[in-house]
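The structure under discussion appears below in the form of structure tokens.
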Amino acid sequence: MKTKTPFAGRLQLTIIWLLGICLLLLAQSFSYPVYVWGFRALMVIVPLQVAVGNIKPEWGAAKSIKKILLYLAIVAVVFAISIAVTPSLINLGRA
């Protein structure tokens, strides 16, 4: 009997492969548009990896998606706070 890999485990493996592909797209030096696509994909996949990397590989689809959305919301809040605080920090450095 073939055992089926849980959803979260397959998703984590897929994200790792996508990260590798993005890095290969960035490493190539013959096409600027390919580089740009690799960079854009990396900007999406890295925050997704942060969220997906924090779930347990044995979880099913429903629980995984709920937790991923929660973790992505946390990442978005941290990004927003960082963007909001940056001008104040820059002004502190100038004084």
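The values are calculated or read from the model by the stated rules, or taken from the named source; none is laboratory data. Since the model is a prediction, treat every value here as computed from it, not as a measurement. As a convention, Cβ positions derive from the backbone with ideal geometry for all residues, glycine included, and neighbour counts pool all protein chains shown.
May I ask you to list the residues in the stretch 36-62 that are out of contact with any helix residue (DSSP H, G or I) (no Cβ under 8 Å at 6 or more places or on another chain) and within 19 Å of PRO6 (Cβ to Cβ)? Answer for the stretch 36-62, where residues must be out of contact with any helix residue (DSSP H, G or I) (no Cβ under 8 Å at 6 or more places or on another chain) and within 19 Å of PRO6 (Cβ to Cβ): just ALA62.
LEU11 meets each of the listed conditions (1) closer than 14 Å to SER64 by Cα; (2) not in a helix (DSSP H, G or I) apart from (2).
Across the stretch 24-43, the number of residues qualifying as loosely packed, with under 12 Cβ neighbours inside 10 Å and assigned to a helix (DSSP H, G or I) comes to 5. Of the residues making up the stretch 30-64, those that are farther than 23 Å from PHE79 by Cβ and in contact with a Phe, Trp or Tyr (Cβ under 8 Å, 6 or more places away or on another chain) number 3. Sort out which residues of the stretch 46-95 are hydrophobic (A, V, I, L, M, F, W, C), touching a residue at least 40 places away in the same chain (Cβ under 8 Å) and farther than 24 Å from CYS22 by Cα, and write them in order of number. Residues satisfying the conditions are TRP59, ALA61.
Going by the conditions given, is ILE21 out of contact with any Lys or Arg (no Cβ under 9 Å at 6 or more places or on another chain), modelled with pLDDT of 95 or more and closer than 30 Å to LYS4 by Cβ? Yes. Selection within the stretch 56-95: residues that are surrounded by 10 or more Cβ atoms within 10 Å (Cβ to Cβ) and polar (S, T, N, Q). The member of this set that is nearest to ALA8 (Cα to Cα) is SER64. In summary, SER82 fulfils each of the numbered conditions (1) under 11 Å from the mean Cα position of the chain (by Cα); (2) modelled with pLDDT of 95 or more; (3) not hydrophobic (A, V, I, L, M, F, W, C) with the single exception of condition (1).
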